[in-house]
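A quick write-up on the structure given underneath.
Nothing in this text is a laboratory measurement; each read-out follows from the coordinates by a stated rule. Worth saying up front: this structure is predicted, and the values here are computed from it rather than measured. A quick note on method: Cβ atoms are made from the backbone with ideal geometry, for glycine too, and the neighbour counts reach across all protein chains shown.
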Amino acid sequence: MANDKDSKNDDLLRRIDRLTKNAKAASDAAGAVQNKTGLYGKLKTVFSAASAIYDGVVKYTGPFGAALKWAGGHMKDAFMWSAFEREGGDIQRNADGSLNFSGKRLGKVFAAAAAGVLALNIAGQAAYFYSTQFDELVYTTGKQELVEGEKYQFTGCTSLPCSTELDNGKHFKVETSLFFPRLINPDDDVYANIPMQDAACQVKGYGMHVREARFLIKKFDWWQHVYDVQCRPYTDAERETAIGSGEVTPPTSLKAPVPQHIQP
């Protein structure tokens, strides 16, 4: 009877093992079908098309192609590491030998990478903000709204009189920022407090200003940004300097001369 019992147990274990193997095979088959028709299948189609273009660019663009090939190789390695299930450091494969794609793993890696990029971006903005602070007196000469409620600009001179020869003119931006600095309402908090002209403003802001590289500042919109202003009218001494300095042609001398032959 003991032998009969052992035989039944062995038979039961064999059935369980067979069912387990069948379930695993069915799961692998389902995974393979999903890989071909699901997200992985769509991604594979896109990557196949992109790969054909990439191969052509790499082949015919010389040094640029070599650099692109190097970058593309690293991107491929990163995708392979992110998108496929691994076991013991090796990529898992389905019963048909295809790679075991995992949208869940890809989502986790993408979320972690996005968080890392965001953290680096915030750190970079903080470093730029705190390392390029400035606080200076500016004599305003005009202002303009660029995007209502979001972006403005104003101009001024850092000394009097405003002069091309003195090269003392400057251009500033005021715009919305969520952090570094936190400026949600630039229209009310900064722009509205700047008189159109004939005012002395103590401005606080951030950004680099290299006069010799102004063409780059203009091209890439790297103007200094202002987030705090305190403005007042000119003092008598400043007004005297602004009006009495320089050689400004009086309006009366701008009249066209009367031709000699029609004078009385």
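Summary table below
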| quantity | calculated |
| --- | --- |
| Förster radius 51 Å - calculated FRET efficiency between Leu166 and Ala49 (Cβ-Cβ, nearest 0.05) | 0.30 |
| Percentage of interatomic Cα-Cα distances in region 133-244 larger than 20 Å | 39 |
| Computed E for Arg14/Ala119 - FRET, C-beta separation, R0 45 angstrom, nearest 0.05 | 0.25 |
| Pair Asp187, Glu148: separation of 7 Å Cα→Cβ label points (nm) | 0.7 |
| Assigned charges on the beta-carbon of Lys, Arg, Asp, Glu; region 133-244 dipole about Cα centre (debye) | 340 |
| Efficiency of FRET between Gln197 and Tyr128 - r from beta-carbon atoms, R0 30 angstrom, step 0.05 | 0.45 |
